[in-house]
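Peer 1: Let me give you the structure first, and then I'll get to my questions.
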Amino acid sequence: MTTASHEKDIACSLNDKQFSKRREMLRNALFNHVVYVRRLERGLKLDFEESSERRAAVEQVIDLEKQCCGFLSFTISPPGEGLSLSIEGPLEAQPFVHSFMKRLEKP
């Protein structure tokens, strides 16, 4: 009997060139604006100064990252409650999740 696995691969689907471009976009649009980082049990929570422009940038990042890192979940705080982004994944993805910020540092 064969069973189908519904688990998502724990890997980014971008190639090296695409990842390099994405890293630069993430740094400029998002990570240069983080004011506080907290570790969560299954991920990270990033806090930003709230503005409509920053919220739009975070929403754009979520849309892009869902396409290449389907094993991660992204949650943005509701408008008017500050601006936070939680990035979480399964336990086996924690080394990847917790290295997320380090991987986005300048090479």
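Peer 1: Could you tell me whether residue 49 is touching a Leu at 6+ places or on another chain (Cβ under 9 Å), exposed (fewer than 15 other Cβ atoms within 10 Å of the Cβ) and at pLDDT 90 or above?
Peer 2: It is true that residue 49 is touching a Leu at 6+ places or on another chain (Cβ under 9 Å), exposed (fewer than 15 other Cβ atoms within 10 Å of the Cβ) and at pLDDT 90 or above.
Peer 1: Return the pairs, sorted by first residue and then second, in which the second residue is crowded, with 17+ Cβ neighbours inside 10 Å, the first residue lies in the stretch 17-34 and is over 21 Å from residue 54 (Cβ atoms), the beta carbons are less than 8 Å apart, and the residues are 6+ apart or on different chains.
Peer 2: 19/12
Peer 1: Cβ-Cβ under 9 Å, sequence separation 6+ or interchain: first residue in the stretch 71-90 and without any contact (Cβ under 8 Å) to a residue 12 or more places away in the chain, partner in a loop (DSSP other than H, G, I, E, B). Which pairs?
Peer 2: Cβ pairs passing all conditions: 77/50; 80/50; 81/50.
Peer 1: Moving on. Would you be able to say whether some residue in the stretch 62-69 is modelled with pLDDT of 90 or more, crowded, with 16+ Cβ neighbours inside 10 Å, in contact with a strand residue (DSSP E or B) (Cβ under 9 Å, 6 or more places away or on another chain) and part of a helix (DSSP H, G or I)?
Peer 2: Yes: the stretch 62-69 contains one or more residues that are modelled with pLDDT of 90 or more, crowded, with 16+ Cβ neighbours inside 10 Å, in contact with a strand residue (DSSP E or B) (Cβ under 9 Å, 6 or more places away or on another chain) and part of a helix (DSSP H, G or I).
Peer 1: Restricting the search to the stretch 39-49, which residues are within 20 Å of residue 27 (Cβ to Cβ) and of a type outside the set (A, V, I, L, M)?
Peer 2: 43, 45, 47, 48, 49
Peer 1: Hey, another quick one. Considering only the stretch 44-61, how many residues are part of a helix (DSSP H, G or I), touching a residue at least 24 places away in the same chain (Cβ under 8 Å) and either under 18 Å from residue 93 (Cα atoms) or not β-branched (Val, Ile, Thr) (or both)?
Peer 2: Total meeting the criteria: 4.
The values are calculated or read from the model by the stated rules, or taken from the named source; none is laboratory data. Everything numeric in this text was worked out from a predicted model, so none of it was measured. Note that each Cβ is placed from the backbone with ideal geometry, even for glycine, and that neighbours are counted across all protein chains shown.
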